[in-house]
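The values are calculated or read from the model by the stated rules, or taken from the named source; none is laboratory data. Here the structure is a predicted model, which means the values were calculated and not measured. Cβ sites come from the backbone with ideal geometry, for glycine too, and all protein chains shown count toward neighbours. Just so you know, the surface numbers come from the protein's heavy atoms only, side chains and all, with ligands and any DNA or RNA stripped out. Shrake-Rupley method; radii C 1.70, N 1.55, O 1.52, S 1.80 Å.
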Amino acid sequence: MTAGFFFAAFLIFFIYKVPVYGADAPELLSLYVQDTDGEYDTARITFDPGRASTCYIYRKVKGGSFSLIGKLQSSGDVTSFTDKKLPEKGEYIYTVRSRTIGLGGSVLSGYDHEGISTIRGRSTVKADITNLHAKLSWTPNENAGSYAIYRKTENGRWHYVDTVGKNRTTYIDYYSETFNGYEKKNILLNNCYLDTSSHTLSYTVRAVRRYSDFNKRSYSPYYPDGYFNLNAPVIISAYANQDDSVTITFSSVPYARHYLISSCRKNSDGSYRHTVVTSTHQTKEAYIDCDFVPLKGCDYFTVTAVGTRNGKQVEASSLDGFTMKNRNFYYKKILYIGDSITYGSPYKTDINRYIFSYPWRISELTNAQYYNAAIPGATMAFKATTSAPFHRYRIISDVVPEIKMGTTPIASPGLLEINTHTFEDFDTIVICAGTNDYTDLISLGTSDSDSESTYCGALNRLMETIRQADRKRLREGKGHITVIMPDLFYSDRCTSFTRRMSRYSTKNAIGYTLKAYNDAKNHIVKKYKKRGLKVYRFKTSKYVNRKNCAYATADNLHMTKYSYEKLGNDLAAFIMKDWYSSSK
């Protein structure tokens with residue numbers, strides 16, 4: 001029997017039969033276990049082999065003896081070995097020894113007798129994901145010494161977030177504290193808020209066990225998809241083709257595998273009956289086009305994103321109510337006056353300009369012509385100075401005079417489309433401004449004020465301008481202008497972005513709450529109703545309120561795509577009801 005054969009035979013036997021020589025044992029660093037769908041699980045062990053040229057990996061069941069399961073060559077750097085045949089059940093322990101070849105011959109090292117043990121069992125994670133933070137909870141693992149929390153964005157890679165003690169099964173992830181510089185710049189709004197309708201976060205948790213050697217640790221398996229919310233697609237537009245088919249465009253959704261397009265019938269109770277008519281695959285594009293033929297008698301349609309979360313199918317459907325059947329108001333004109341919320345912030349880049357705003361949605365449902373004169377950051381009243389670090393436009397001085405003359409309002413270059421219409425050309429005018437008057441410390445004024453430097457005064461001047469235009473229309477034999485004034489939207493936005501502070505109940509520096517501005521606006525609505533103007537209040541508390549603000553808004557101020565979508569649907573129905581009643 002040769003010496004080489006004799007040595008190989010020793011390696012096959014249990015490690016405790018191999019004599020320990022003087023070389024240092026490889027330093028065990030980590031053991032990662034992951035469940036698979038096959039017959040075996042996998043385990044990846046990492047270690048520092050020292051100056052070894054060959055490393056031998058051993059495994060034993062708890063209480064048993066080590067057996068050789070593999071070997072590999074090493075360059076001397078931190079090395080890893082993956083055991084692809086780890087039995088699905090039981091606690092197993094790994095260790096490593098090495099062989100070093102030098103001038104004096106080969107030397108077989110000692111080994112870490114304690115080894116490094118597997119942790120079995122995956123923690124099921126749930127997450128309540130808002131625009132400021134995510135509240136996590138997970139099922140405990142009895143073998144955990146601590147828990148490591150990981151997060152990924154869209155279809156990216158897992159990134160370590162934090163570690164908590166073994167007695168903790170909850171965690172709050174504040175994005176402003178745990179996102180890196182790149183993520184804050186490219187994902188967060190104001191380096192703080194997450195728009196949950198545009199970005200999808202996923203979380204997973206691993207149980208961790210540390211040893212007396214602090215550098216050595218073992219990790220449990222984890223759910224590879226983690227927990228995430230599958231976002232709903234947003235229908236952007238649709239048009240009919242000559243062959244009776246419809247081309248629909250909708251926003252793509254991270255983690256969706258494919259999409260189902262349904263033709264829908266509205267029931268008498270207001271519910272919808274959906275019938276899938278076609279499907280389309282996921283793409284890397286931001287928006288997806290799909291052709292389908294609607295079923296007869298089904299005037300509505302929806303899009304459902306279908307994905308998989310840890311082996312289970314999940315679905316999310318677009319908002320019911322998108323239809324082309326009411327697109328007979330092409331002769332109607334709507335004017336929108338407001339600030340960033342009416343403009344459609346934060347969706348104002350070139351690629352998605354206007355398409356998620358509620359004016360766009362109303363146009364898609366009615367086919368009415370519209371002009372959106374909303375300017376982000378604008379106040380209703382005039383003020384010569386501002387506390388903001390940017391120039392503020394003033395509706396009463398930069399928008400109203402220009403619309404009155406049929407020219408384009410004064411705004412940043414390229415912000416607004418060219419306008420050639422005057423107030424009397426519009427059948428409906430939607431006015432929603434006052435949030436920036438609150439933040440820019442505009443005096444409220446009295447309900448009878450006509451000073452353009454107060455909120456009430458500026459609003460009175462605008463309403464009086466519209467009333468004069470309404471009289472002109474009536475003299476020309478046209479119908480009344482309908483003025484719709486949505487309530488000022490609830491906001492929890494404050495200068496300390498990580499805190500929630502209701503503007504409706506918190507006074508600004510000159511002593512007014514946002515509710516005070518809204519109440520003053522509604523008082524003016526009543527006043528001009530008595531003066532013969534066809535003006536309505538439109539309540540908005542169902543879209544954004546104290547309870548849902550963290551979900552319904554992208555940044556505790558501007559709404560998510562879904563909220564704009566809901567508002568657009570309901571406001572379109574409100575406007576069409578008025579148009580139908582006016583035509584009788």
Could you give the length gained by full extension between I510 and S176, i.e. 0.36 nm per residue of separation minus their alpha carbon distance, to one decimal place?
117.2 nm
Quick tally, 1.4 Å probe accessible area for E417, E39, sorted with the most first, runs E39, E417
Over the heavy atoms of D24, what accessible area does a 1.4 Å probe trace out, to the nearest 10 Å²?
130
Please identify which residues in segment 423-452 have an amide N closer than 20 Å to a label point set 7 Å out from the Cα of K472, following the Cα→Cβ vector.
423-431
Under 15 Å from a label point 7 Å along Cα→Cβ of K126: give me every residue in segment 135-175 with its amide N that close.
135-140, 169-171
For segment 168-185, take each phi angle, set θ = phi - 60°, evaluate the Karplus expression 6.51 cos²θ - 1.76 cosθ + 1.60, and give the result in whole Hz per residue in order, putting x for glycine and proline.
9, 10, 9, 6, 10, 9, 8, 4, 5, 9, 10, 6, 7, x, 5, 5, 4, 6
Using every alpha carbon pair in segment 58-120, what percent of pairs falls into each 5 Å bin from 0 up to the bin containing the largest distance?
4, 14, 25, 24, 16, 10, 5, 2, 1
Rounded to the nearest 500 deg cm²/dmol, what is the calculated helix-only ellipticity per residue at 222 nm for the chain, with -39500 (n - 2.57) per DSSP H run of length n ≥ 4?
-5500 deg cm²/dmol
With a cut-off of 8 Å between alpha carbons and a minimum separation of six or more residues, what is the relative contact order of the chain in percent?
9
Rounded to the nearest 10 Å², the 1.4 Å probe accessible area of W138 is 10
From zero up to wherever the largest Cα-Cα distance of the chain sits, split into 10 Å bins and tell me the percent of pairs in each.
3, 14, 20, 18, 15, 10, 8, 6, 4, 2, 0, 0
Taking the Cα atoms only, what angle lies between the long axis of helix 3-12 and the longest principal axis of the chain, rounded to 10 degrees?
50
Amide H neighbours of I69 at under 5 Å, excluding residues fewer than 5 places away on the same chain, with H built from the backbone geometry, are I57, Y58, R59
Most to least accessible of Y219, Y370 (protein chains only, probe 1.4 Å)
Y370, Y219
Between the helical axis of 455-475 and the dominant principal axis of the chain, each derived from Cα atoms, what acute angle in degrees is found, rounded to the nearest 10?
60
Of M405, M380, which has the most accessible area with a 1.4 Å probe, and how do the rest follow in descending order?
M405, M380
Amide H of I484: which non-local residues (sequence gap of 5 or more, or other chain) have their own amide H closer than 5 Å, using H built in the peptide plane?
I429, V430, I431, Y536
If I ignore ligands, DNA and RNA and count only protein heavy atoms, how much of H113 is accessible to a 1.4 Å probe, in Å² to the nearest 10?
120
Calculate the radius of gyration of the Cα atoms of segment 64-194 to one decimal place, then report Dmax, the largest Cα-Cα distance, as a whole number, both in Å.
21.1, 65
Treating only the Cβ atoms of Lys and Arg (+1) and Asp and Glu (-1) as charged, compute the dipole magnitude of the chain about its Cα centre; round to the nearest 20 debye.
1300
Sticking with the crude label model, points 7 Å out along Cα→Cβ, report the distance from H391 to E114 in nm, one decimal please.
6.8
Once amide hydrogens are built 1.01 Å from N within the peptide plane, the residues lying 5 or more places from T308 or on another chain with amide H under 5 Å from its amide H are R257, V314
Give the angle, between 0 and 90 degrees and rounded to the nearest 10, that separates the Cα long axis of helix 514-530 from the longest principal axis of the Cα atoms of the chain.
30
